[in-house]
Amino acid sequence: QVQLVESGGGLVQAGGSLRLSCAASGSIFSISDMGWYRQAPGKQRELVASITSGGSPTYADSVLGRFTISRDNAKNTVYLQMNSLKPEDTAVYYCNAKRSLFDFWGQGTQVTVSS
């Protein structure tokens, strides 16, 4: 099993910034991609950004140019730097890690952006 613990969510005004962190522990060998998803009330969970073990990122169009994903393999941690936040970024953000055919999820952290 892989355990993922997120931190860094909170309340911020539009235009502000937040940094999310996700630390992985447990059976972390062979983890490939790590990433962040989000789910707003009444909406499906969607990919925000992901990063390969080699550091190649992928972003949703809605966050391109505003969010930056990074990864520290030595610390088994993935980060999401969120700048120029908008009210529509309000959601629960979930950390994800992939290992072989399996997906592992964190418990989620709330991000609320006020207008």
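The values are calculated or read from the model by the stated rules, or taken from the named source; none is laboratory data. All values derive from a computational prediction rather than experimental measurement. All Cβ positions, even for glycine, are placed from backbone atoms using ideal geometry, and neighbour counts span all protein chains on display. Accessible surface is based on the protein model in full, side chains and every heavy atom, while ligands, DNA and RNA are left aside. Shrake-Rupley method; radii C 1.70, N 1.55, O 1.52, S 1.80 Å.
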**Study point:** segment 58-89 residues near the modelled Ser32 label - backbone nitrogen below 16 Å, point 7 Å along Cα→Cβ
**Key:** 58
Revision key, fill the gap. Taking every alpha carbon pair in segment 73-115 and sorting the distances into 10 angstrom bins from 0 up to the bin holding the longest one, the percent per bin comes out as 22, 44, 27, 7, 0
Revision key, fill the gap. The chain accessible area per residue, 1.4 Å probe, protein heavy atoms, integer Å², reads 52
Practice item. With r as the distance between the Cβ atoms of Ser7 and Thr68 and R0 = 22 Å, compute the FRET efficiency 1/(1 + (r/R0)^6) and round to 0.05. Key: 0.80
Check your understanding: Ratio of Rg to Rh for segment 1-52, alpha carbon only, Kirkwood?
Key -> 1.02
Revision key, fill the gap. Under the Karplus relation with 6.51, -1.76 and 1.60 and θ = phi - 60°, whole-Hz ³J(HN,Hα) for segment 45-58, x at Gly and Pro, equal 5, 10, 6, 9, 7, 9, 8, 7, 4, x, x, 7, x, 9
Check your understanding: For the residue pair Asp103 and Leu47, what label-to-label distance in nm results when each label sits 7 Å from Cα along the Cα-to-beta-carbon direction?
Key -> 1.0
Study note, to complete from the structure: Rounded to two decimals, the Rg over Rh value of the chain from Cα coordinates and the Kirkwood Rh reads 0.95
Review point. Using θ = phi - 60° and the Karplus form 6.51 cos²θ - 1.76 cosθ + 1.60, what ³J(HN,Hα) does each residue of segment 13-21 get, whole Hz, x for Gly and Pro?
Key: 7, 3, x, x, 10, 9, 10, 9, 10
Practice item. Using a 1.4 angstrom probe on heavy atoms only, work out the carbon and sulfur share of the accessible area of the chain in %. Key: 50
Revision key, fill the gap. Here the relative contact order (percent) of segment 35-115, from C-alpha pairs under 8 Å and at least 6 apart, is 27
